[in-house]
């Protein structure tokens with residue numbers, strides 16, 4: 001099946017620093033990638049949608065200058081949390097959308113997530 | 001706007017018990033419906049999906065039927081196992097699976113031996 005990886009799986013950083021999270025589709029080309037944020041015991045909140053080669057579309061209330069998204073290729077998207085603060089601590093999950101031989105139709109495949117802790 | 005409401009958890013069952021997790025939705029278009037499962041320490045995995053009314057999605061003994069008349073997509077399994085312990089998310093997508101998903105809040109299931 002389709003595999004999406006994220007790196008790192010967890011990161012701890014100091015307040016004010018920037019953190020980059022990578023999301024890769026390993027065995028298929030992802031025309032669209034999504035970034036979610038998941039708070040403890042809550043659902044996933046969509047942050048932004050990115051299509052390869054174009055600017056990301058951010059959801060209402062998400063600061064695009066703080067959460068920089070780059071989708072430079074069909075297999076890689078990155079999320080950079082700039083000038084991170086403790087309130088940015090969360091679980092960040094990416095998903096990649098695309099057709100595979102097994103799904104037969106557009107489906108989203110999720111990465112394992114990245115736990116960010118800002119001290 | 002589009003939304004998904006699923007039953008509050010947590011749900012605790014004994015092994016081999018019958019499982020139902022309710023899910024209802026509100027959508028302006030004709031959504032595709034999904035159930036995702038998140039095992040402890042792992043990312044979300046697609047469990048099953050249905051793309052049109054009266055479709056039944058099934059996988060690993062789980063089933064859910066797309067009911068347009070009741071705007072529901074309840075998840076069922078006849079006999080749960082300890083390994084089914086996870087968080088289950090109901091979700092919809094108005095323009096097919098590769099467009100953005102709207103998730104319910106998730107229901108944590110614990111199955112005891």
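Do we find that residue A:61 is outside any strand (DSSP E or B) and either touching a residue at least 24 places away in the same chain (Cβ under 8 Å) or loosely packed, with under 14 Cβ neighbours inside 10 Å (or both) in this structure? Here the answer is yes, as residue A:61 does meet what is asked. Within region B:46-57, if we keep just the residues that are crowded, with 16+ Cβ neighbours inside 10 Å and under 13 Å from the mean Cα position of the chain (by Cα), the residue that is nearest to residue A:3 (Cα to Cα) turns out to be B:46.
Can you find even one residue in region B:41-55 that is closer than 25 Å to residue A:114 by Cβ, out of contact with any strand residue (DSSP E or B) (no Cβ under 9 Å at 6 or more places or on another chain), in a loop (DSSP other than H, G, I, E, B) and within 11 Å of chain A (Cβ to nearest Cβ)? Yes.
Looking at B:20, B:12, can you tell me which residue is exposed (fewer than 15 other Cβ atoms within 10 Å of the Cβ), in a strand (DSSP E or B) and within 11 Å of the chain's Cα centre (by Cα)? Exactly one residue qualifies, and that residue is B:20. Kindly evaluate residue B:29 against the criterion of being free of Cβ contacts under 8 Å to residues at least 24 places away in the same chain and either within 14 Å of chain A (Cβ to nearest Cβ) or more than 14 Å from the chain's Cα centre (by Cα) (or both). Answer is no for this residue. The set of residues in region A:4-25 being within 13 Å of chain B (Cβ to nearest Cβ) and exposed (fewer than 13 other Cβ atoms within 10 Å of the Cβ) consists of A:10 alone. Scoring residue A:35 on the criteria (1) at pLDDT 90 or above; (2) at negative phi; (3) over 10 Å from the mean Cα position of the chain (by Cα) leaves a single failure, condition (3).
Screening region B:61-113 for strands (runs of 3 or more DSSP E) wholly inside it with 3 or more residues that are more than 9 Å from chain A (Cβ to nearest Cβ), touching a residue at least 12 places away in the same chain (Cβ under 8 Å) and touching a helix residue (DSSP H, G or I) at 6+ places or on another chain (Cβ under 9 Å) returns the ranges B:107-112. Might you check whether a residue that is out of contact with any strand residue (DSSP E or B) (no Cβ under 8 Å at 6 or more places or on another chain) and outside any strand (DSSP E or B) occurs anywhere in region A:45-55? Scanning region A:45-55, I find at least one residue that is out of contact with any strand residue (DSSP E or B) (no Cβ under 8 Å at 6 or more places or on another chain) and outside any strand (DSSP E or B), so the answer is yes.
The values are calculated or read from the model by the stated rules, or taken from the named source; none is laboratory data. Computed from a predicted model, the values in this text were never measured in an experiment. Heads up, the Cβs are rebuilt from the backbone with ideal geometry, glycines too, and the neighbour counts pull from every protein chain shown.
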